[in-house]
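Below you'll find the structure, written out as structure tokens, and then a few comments.
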Number of protein chains: 2
Amino acid sequence: MVLRLNKTDIDFDAAFKQLLSMKREQDEDVNLAVGDIIKDVRARGDAALCDYTKRFDRSDMKPEMLRVSADEIENAEADCQSETLQALDVASKRIADFHARQKPQDERFTDAQGVELGHRWTAVSAAGIYVPGGLASYPSSVLMNAIPAKVAGVERLVMVVPMPDGKVNPLVLAAAKRAGVDEIYKVGGAQAVAALAYGTEVIQPVDVIVGPGNAYVAAAKKQVFGHVGIDMVAGPSEILVVADAENDPAWIAADLLSQAEHDSVAQSILMTDDAGFAEAVCDEVERQLTDLPRQEIARQSWENFGAVILVPDLTQDGPSLIDRLAPEHLELAVKDPEALSNNIRNAGAIFLGRYTPEAIGDYIAGPNHVLPTARASRYASGLSVLNFMKRSSLVSCSADSLREIGMDAIRLAESEGLSAHAHSVAIRLNKS
Amino acid sequence: MVLRLNKTDIDFDAAFKQLLSMKREQDEDVNLAVGDIIKDVRARGDAALCDYTKRFDRSDMKPEMLRVSADEIENAEADCQSETLQALDVASKRIADFHARQKPQDERFTDAQGVELGHRWTAVSAAGIYVPGGLASYPSSVLMNAIPAKVAGVERLVMVVPMPDGKVNPLVLAAAKRAGVDEIYKVGGAQAVAALAYGTEVIQPVDVIVGPGNAYVAAAKKQVFGHVGIDMVAGPSEILVVADAENDPAWIAADLLSQAEHDSVAQSILMTDDAGFAEAVCDEVERQLTDLPRQEIARQSWENFGAVILVPDLTQDGPSLIDRLAPEHLELAVKDPEALSNNIRNAGAIFLGRYTPEAIGDYIAGPNHVLPTARASRYASGLSVLNFMKRSSLVSCSADSLREIGMDAIRLAESEGLSAHAHSVAIRLNKS
């Protein structure tokens with residue numbers, strides 16, 4: 001039976017805190033193993049890559065076979081259904097159109113003292129995207145990670161994807177082609193992250209690495225962070241559906257299950273103001289579960305990590321509880337979703353109204369589906385064009401404008417005991 | 001003698017690569033010690049904080065004394081020179097004015113299919129800034145870390161600063177007051193980072209932690225990353241001065257030394273197209289060094305990590321070498337700095353022209369002085385208002401617009417084997 005919380009219960013605060021601190025990820029300590037793999041790839045390059053690929057993916061390759069050829073991509077595309085390819089095209093265009101609006105503006109102005117100031121945004125030269133192999137090898141994820149990089153203007157976009165037993169989902173290669181990926185390599189795991197960060201003979205290094213992966217990939221990204229940029233360390237997916245009694249319980253149940261089917265440690269939470277509606281949704285979840293191909297995964301997620309939170313009033317009680325949950329995905333299936341949304345601070349993506357199931361955002365709406373999990377929407381944003389760009393600030397003084405602001409810089413430098421700092425200003429004011 | 005490279009030398013490429021991979025930071029492995037401290041603070045809260053503060057800062061305090069009182073701040077301010085306080089006021093205003101222009105715009109639009117899309121930026125609720133104690137306790141750093149948070153709209157801004165033997169630079173407290181810091185605590189080290197991330201009885205947790213610190217602080221920030229946001233893990237400071245022979249060698253020498261005096265592992269590099277000018281600058285460095293209070297630090301930095309790079313033509317040879325160096329600070333003391341700047345991609349901050357010494361940016365120009373070091377400007381930006389804000393994406397479909405885009409979402413979901421995803425869309429199209 002799914003966990004139920006009622007805000008009017010005396011022990012609600014304790015139960016809610018427990019929900020917040022519920023641990024869904026296992027603490028696999030893979031740091032040492034990952035550190036060794038990274039060292040080995042840095043030392044032995046492609047030879048190490050090939051060794052690990054043989055060991056973990058049962059695929060015996062020479063370095064010159066690591067790169068996916070144009071023929072392999074063409075053949076993969078030929079294996080895909082044309083209507084799925086068309087859907088990928090529609091999704092690609094919508095994602096590109098949305099992300100194009102994220103491109104930041106340069107800034108340049110002269111202030112009252114005559115100092116010219118500003119900043120300029122540029123794309124990183126090269127970016128790498130990690131795509132998981134096997135079951136979780138999703139073409140939608142390729143689009144969501146690759147398109148923002150290309151919109152940013154990244155010149156060299158490199159994808160790595162493990163191909164266990166030499167196999168890959170052909171839609172993943174088709175999606176990579178559509179997204180403008182420039183190079184694809186058949187490697188995965190910590191070894192692939194190490195290759196992207198430090199380079200090998202065959203794989204030139206990149207500046208930023210993004211994309212989801214298992215515990216080894218996550219640990220590797222964390223370890224190479226600082227040498228390259230990374231997006232975030234993503235945890236299991238989650239949804240909070242806020243729904244009043246005017247919804248069809250079957251619709252809301254479907255939304256909860258769409259999250260639960262991802263992963264046995266995914267989390268689906270319903271918040272409602274109507275006890276009867278809550279029970280109707282729970283009944284519907286049970287009913288729909290029986291028809292679901294991924295029933296086992298979804299049931300584990302729902303029974304172990306799902307929750308129903310009953311509150312007296314969604315408008316009054318919702319916002320503060322929602323901000324504390326800081327969900328990755330927030331659905332507002334209420335009469336005035338806009339008004340409720342304006343009072344909420346922490347959510348990776350907000351789906352407004354009864355006709356906006358979260359799944360529409362996973363594929364086609366346009367905004368990115370790579371979003372902060374595990375309450376990280378308190379401080380983090382979804383993947384965007386900004387992950388592939390950086391800002392240089394610009395300062396230009398003339399002799400006159402330096403004179404306007406120079407003395408205060410000298411005073412502050414001297415107060416900090418940094419006399420060479422002071423001198424470098426003073427010498428230009430003819431005061432040295 | 002400082003390292004000299006000449007692009008026309010046959011071994012230039014090898015020497016340049018060596019310069020790029022020069023290791024300036026010691027690999028202090030403090031991860032285990034830091035992990036223990038974090039665990040202890042999580043377990044014992046303020047009692048642990050007080051124990052570590054007694055041990056590391058020789059300051060014996062009860063938990064209720066950890067917070068700096070309003071009286072202590074007033075008294076500190078009274079100890080400061082009024083012209084330094086005035087300079088802090090000028091700097092605060094200029095920094096706030098510049099950062100106000102960084103506030104990102106919300107976005108909302110309806111696309112051709114009738115889907116409402118957009119995103120909304122909000123400030124994090126609470127942020128913490130780390131300020132080092134002792135010698136490197138700089139009021140300018142307080143302003144640069146705190147003001148962007150307040151401009152972003154952070155409601156609760158918390159500062160931690162170790163006070164060895166109970167002492168603190170009074171200007172640091174005065175700067176905190178000017179920058180709008182809401183709470184200040186007398187703790188430092190990994191224990192302070194742990195308290196900000198997880199909270200204790202006295203210190204409520206924050207969502208983002210920024211600010212420089214020693215190896216323990218850096219390791220602690222990296223370990224709590226994911227539970228809270230962090231800015232970056234900063235390394236020793238560096239400058240690349242690109243200067244033609246029309247400059248006064250004394251000015252350029254002063255700029256190189258202003259970086260070198262920071263730290264014995266700071267790095268100052270001169271790039272020029274004139275061998276005679278290069279030698280004149282080196283002579284000036286020697287001459288100015290003898291007058292410098294921090295002569296010993298600056299000399300170590302210059303002799304161990306400084307470099308002079310001679311190139312045939314700054315316009316032709318400069319940009320690609322500069323991008324490979326990806327400097328934190330870049331000075332362009334050339335005839336047409338604007339034109340050269342437009343060909344450069346990687347630099348944290350660019351100082352244009354002969355009258356813009358880097359030190360003006362450290363204190364008063366307005367842009368942030370917290371910038372990516374160790375070639376991180378390839379992928380990272382300086383500290384900004386964005387470090388204290390996050391973006392929620394917004395999607396709103398009507399029955400009609402869901403019908404427009406729904407079928408493609410269903411196709412993609414089915415191609416990924418995620419049938420509950422497909423169902424959550426289909427059920428709203430009356431197709432289930």
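Checking each residue in region B:285-304 for being charged (D, E, K, R) and in a loop (DSSP other than H, G, I, E, B) picks out only B:Arg294. When B:Arg108 is tested against (1) surrounded by fewer than 24 Cβ atoms within 10 Å (Cβ to Cβ); (2) not in a strand (DSSP E or B); (3) not aromatic (Phe, Trp, Tyr), only condition (2) is not met. Can we say A:Ala234 is buried (at least 24 other Cβ atoms within 10 Å of the Cβ) and either under 23 Å from the mean Cα position of the chain (by Cα) or charged (D, E, K, R) (or both)? Considered against the rule, which asks whether it is buried (at least 24 other Cβ atoms within 10 Å of the Cβ) and either under 23 Å from the mean Cα position of the chain (by Cα) or charged (D, E, K, R) (or both), A:Ala234 comes out as no.
Scanning region B:23-51 for residues that are assigned to a loop (DSSP other than H, G, I, E, B) and exposed (fewer than 14 other Cβ atoms within 10 Å of the Cβ) returns B:Lys23, B:Glu25, B:Gln26, B:Asp27, B:Glu28, B:Asp29. Taken together, A:Ala266, A:Ala254, A:Ala243, A:Ala218 contain a single residue that is out of contact with any Leu (no Cβ under 8 Å at 6 or more places or on another chain) and either of a type in the set (S, T, N, Q) or farther than 21 Å from B:Leu412 by Cα (or both), which is A:Ala218. Applying the criterion of being of a type in the set (Gly, Ala, Ser) and not in a helix (DSSP H, G or I) to the residues of region B:305-339, the residue that is surrounded by the fewest Cβ atoms within 10 Å (Cβ to Cβ) is B:Ala307. In region A:274-297, the residues that are surrounded by 14 or more Cβ atoms within 10 Å (Cβ to Cβ) reach residues that are among the aromatic types (Phe, Trp, Tyr) with C-beta atoms within less than 7 angstrom, at least six apart or across chains, in these pairs: A:Val285/A:Trp302. Would you confirm, using the coordinates I've provided, whether A:Ala298 is of a type in the set (A, V, I, L, M), within 12 Å of chain B (Cβ to nearest Cβ), in contact with a Leu (Cβ under 6 Å, 6 or more places away or on another chain) and more than 26 Å from B:Gly153 (Cα to Cα)? Judged against the criteria, A:Ala298 is a match. For region A:113-125, a residue qualifies if it is within 9 Å of another protein chain (Cβ to nearest Cβ) and not polar (S, T, N, Q), and the qualifying residues are A:Val115, A:Glu116, A:Leu117, A:Gly118, A:His119, A:Arg120, A:Trp121, A:Ala123, A:Val124. When restricted to residues that are surrounded by 24 or more Cβ atoms within 10 Å (Cβ to Cβ) and either of a type outside the set (Val, Ile, Thr) or within 14 Å of another protein chain (Cβ to nearest Cβ) (or both), region B:187-209 contains 13. Taken together, the criteria place A:Ala100 among residues that are surrounded by fewer than 19 Cβ atoms within 10 Å (Cβ to Cβ), farther than 29 Å from B:Lys93 by Cα and more than 8 Å from chain B (Cβ to nearest Cβ).
Looking at A:Ile147, A:Ile95, just one residue is surrounded by 17 or more Cβ atoms within 10 Å (Cβ to Cβ) and either assigned to a loop (DSSP other than H, G, I, E, B) or more than 12 Å from chain B (Cβ to nearest Cβ) (or both), and that residue is A:Ile147. Scanning region B:244-260 for residues that are touching a helix residue (DSSP H, G or I) at 6+ places or on another chain (Cβ under 7 Å) and either surrounded by fewer than 24 Cβ atoms within 10 Å (Cβ to Cβ) or at positive phi (or both) yields a count of 5. In the set A:Leu88, A:Leu66, only one residue is away from chain B (no Cβ under 14 Å), crowded, with 18+ Cβ neighbours inside 10 Å and either touching a Cys at 6+ places or on another chain (Cβ under 9 Å) or basic (Lys, Arg) (or both); that residue is A:Leu66. The set of residues from region A:232-284 being under 12 Å from A:Ile309 (Cβ atoms) and either in contact with a His (Cβ under 9 Å, 6 or more places away or on another chain) or of a type in the set (Phe, Trp, Tyr) (or both) comprises A:Leu240, A:Val241.
A search for C-beta distances below 9 Å between a residue of region B:413-432 that is more than 8 Å from chain A (Cβ to nearest Cβ) and any residue that is outside any helix (DSSP H, G or I), counting only pairs 6+ apart in sequence or on different chains, returns B:Ala426/B:Ser432.
Which condition number in (1) at pLDDT 95 or above; (2) assigned by TED's automatic domain parsing to the domain that holds B:Ala176; (3) hydrophobic (A, V, I, L, M, F, W, C) is the one that B:Phe12 fails? (2) is the only condition that B:Phe12 fails. Against the conditions (1) in a strand (DSSP E or B); (2) aliphatic (A, V, I, L, M); (3) under 26 Å from B:Ile297 (Cα atoms), B:Met159 satisfies every one except (3). The conditions of being among the β-branched types (Val, Ile, Thr) and assigned by TED's automatic domain parsing to the domain that holds A:Ser21 are met by A:Thr290.
When region B:386-405 is limited to residues that are more than 7 Å from every other protein chain (Cβ to nearest Cβ) and within 44 Å of the chain's Cα centre (by Cα), the one that is nearest to A:Ala349 (Cα to Cα) turns out to be B:Met389. Please determine whether any residue of region A:340-353 is touching a residue at least 12 places away in the same chain (Cβ under 8 Å), more than 7 Å from chain B (Cβ to nearest Cβ), surrounded by 24 or more Cβ atoms within 10 Å (Cβ to Cβ) and not β-branched (Val, Ile, Thr). Scanning region A:340-353, I find at least one residue that is touching a residue at least 12 places away in the same chain (Cβ under 8 Å), more than 7 Å from chain B (Cβ to nearest Cβ), surrounded by 24 or more Cβ atoms within 10 Å (Cβ to Cβ) and not β-branched (Val, Ile, Thr), so the answer is yes. Counting only residues that are small (Gly, Ala, Ser), at pLDDT 95 or above and in a loop (DSSP other than H, G, I, E, B), region A:54-81 holds 1 of them. Evaluating A:Gly382 against the criteria (1) assigned to a loop (DSSP other than H, G, I, E, B); (2) touching a residue at least 40 places away in the same chain (Cβ under 8 Å); (3) within 15 Å of the chain's Cα centre (by Cα) leaves one unmet condition, (2). Take A:Tyr363 and decide whether it is at the interface with chain B (Cβ under 8 Å from one of its Cβ atoms), under 17 Å from B:Leu402 (Cα atoms), touching a helix residue (DSSP H, G or I) at 6+ places or on another chain (Cβ under 9 Å) and surrounded by fewer than 24 Cβ atoms within 10 Å (Cβ to Cβ). So A:Tyr363 does not fit the description; no. If you go through region B:277-308 and keep only what is under 25 Å from B:Asp323 (Cα atoms) and of a type outside the set (Asp, Glu), you end up with B:Phe277, B:Ala278, B:Val281, B:Cys282, B:Ser301, B:Trp302, B:Asn304, B:Phe305, B:Gly306, B:Ala307, B:Val308.
Being under 26 Å from A:Pro236 (Cα atoms) and of a type outside the set (D, E, K, R) is true for just one of B:Val168, B:Val228. Which residue is that? Criteria check complete, one pass: B:Val228.
Residues in region A:244-268 that are more than 13 Å from chain B (Cβ to nearest Cβ) and either of a type in the set (Gly, Ala, Ser) or free of Cβ contacts under 8 Å to residues at least 60 places away in the same chain (or both) were compared, and the one that is nearest to A:Ala15 (Cα to Cα) is A:Ser264.
Taken as a whole, region A:180-188 holds at least one residue that is at pLDDT 95 or above, touching a Lys or Arg at 6+ places or on another chain (Cβ under 6 Å) and either part of a helix (DSSP H, G or I) or not hydroxyl-bearing (Ser, Thr, Tyr) (or both).
The values are calculated or read from the model by the stated rules, or taken from the named source; none is laboratory data. Treat the numbers as computed from the prediction; the structure is a model and nothing was measured. Cβ sites come from the backbone with ideal geometry, for glycine too, and all protein chains shown count toward neighbours.
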